[in-house]
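Asks: I have a structure I would like to understand better, so I am pasting it below and will then ask my questions one at a time.
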Amino acid sequence: MQIIKTIDELKAFKENNKSKTIGFVPTMGALHSGHLSLIDNAVSNNDIAIVSIFVNPTQFGENEDFDIYPRTHQKDIELCKSTGASAVFMPEIDVLYPNGLDNEVILTPPVDMANVFEGTIRENHFGGVLRVVLKLFNLISPTNAYFGRKDAQQLLIIKKMVNDLFLDINIIPCDIVRDKNNLALSSRNIYLDSASYEMALKIPNAINKAISLVSANILESKIIENTAMACLNGLEVDYCNVVDFNLKKIREIKKGDSLLLIAARVGKVRLLDNCWF
Ligand code: AMP
């Protein structure tokens, strides 16, 4: 497995792998089994798989955890090797932003998808995500790019970018990987102490309740949201809403085009979870 740090090295790697299909998995590192399931998927379904590890400064707000975001590069490299990835691209900030962060063309995602839910709490977050993902897409030219359903809003906005800009890349959504108690894996779970962890389990319980309602053909959003909210009692809930794939709130679940989105805080830790119907 090759470790690539510069754009010249990346170009040389691509030159040596011409005409192969490329599966690409963008990450911020601190890899866990959720990331590894994306990488497994990329390895199994492409000639080669490239993982990027880059904590992207432009998607973090001023008071967010950019500086303390967990960075576990050596362990990440070993994990990527174990999955059979062909290369890890881990550039420094100035490799991806050679003209600085404030002096370049930027993309603006549509407000009705980007300034809702995560976007109301994390201003400019999705603009930063699109900036880095488009740079990575242009550098890597993947055939298939793998994203977790865990970050549902991100996945839907990236799909929209690919569609709107006619990018010739397949976006492959991957299922949420959970721990043995059903908590969705996240690099931020390491901040949960045991009491907070117990509290956090209310989130997958809420998701499971919603799934049982929908399985029983109870599709009214208000009922699903209220039932989920009742399960989340004691957590500070940022949102708990049923939406369609354009992130618009809807009155009723339509199978194949609906999501329950949840974001809640357990102490200082913000956790996201969701369920695709
Ligand atoms: P991150 O490193 O947090 O930017 O995540 C990189 C990719 O891994 C994103 O596409 C995430 O949606 C995905 N991911 C993170 N956690 C999980 C999980 N528990 N299950 C599946 N995919 C995940």
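The values are calculated or read from the model by the stated rules, or taken from the named source; none is laboratory data. Remember, predicted model here, so these are calculated numbers, not experimental data. Backbone-built Cβ (ideal geometry, glycine too); neighbour counts: all protein chains shown. Please note that ligands, DNA and RNA were not included when accessible areas were found on the heavy atoms of the full protein model with its side chains. Shrake-Rupley method; radii C 1.70, N 1.55, O 1.52, S 1.80 Å.
Asks: Would you list the strands (runs of 3 or more DSSP E) that sit entirely within the stretch 166-277 and hold 2 or more residues that are open to solvent by 20 Å² or more (accessible area, probe 1.4 Å) and closer than 20 Å to Arg149 by Cβ?
Replies: 170-174, 236-243, 269-276
Asks: Checking Glu62 against (1) at pLDDT below 95; (2) in contact with a His (Cβ under 8 Å, 6 or more places away or on another chain): exactly one of these is not met. Which one?
Replies: If we test Glu62 against (1) at pLDDT below 95; (2) in contact with a His (Cβ under 8 Å, 6 or more places away or on another chain), just (2) comes out false.
Asks: While we're on this one: Look at Phe117 and say whether it is surrounded by 14 or more Cβ atoms within 10 Å (Cβ to Cβ), over 19 Å from Ala42 (Cβ atoms) and more than 13 Å from the ligand (Cβ to nearest atom).
Replies: yes
Asks: Return yes or no: is Asn163 modelled with pLDDT of 95 or more, out of contact with any strand residue (DSSP E or B) (no Cβ under 7 Å at 6 or more places or on another chain), farther than 18 Å from Gln59 by Cβ and not in a loop (DSSP other than H, G, I, E, B)?
Replies: yes
Asks: Let me ask something else. I want to confirm something. Restricting to the stretch 120-146 and keeping residues that are open to solvent by less than 10 Å² (accessible area, probe 1.4 Å) and outside any helix (DSSP H, G or I), which single residue is farthest from Ser19 (Cα to Cα)?
Replies: Tyr146
Asks: Are there helices (runs of 4 or more DSSP H) fully within the stretch 12-107 with at least 2 residues that are in contact with a Gly (Cβ under 8 Å, 6 or more places away or on another chain) and surrounded by 15 or more Cβ atoms within 10 Å (Cβ to Cβ)? List them.
Replies: 33-45
Asks: Have a look at Lys180, Lys202 and point out the one that is over 26 Å from Val111 (Cα atoms) and within 16 Å of the ligand (Cβ to nearest atom). If you could, list the steps in order and put the result at the bottom.
Replies: On the way: Lys202 fails: within 16 Å of the ligand (Cβ to nearest atom).
Being over 26 Å from Val111 (Cα atoms) and within 16 Å of the ligand (Cβ to nearest atom) holds for just one of Lys180, Lys202, which is Lys180.
Asks: From (1) without any contact (Cβ under 8 Å) to a residue 12 or more places away in the chain; (2) within 16 Å of the ligand (Cβ to nearest atom), pick out the condition that doesn't hold for Lys11.
Replies: (2)
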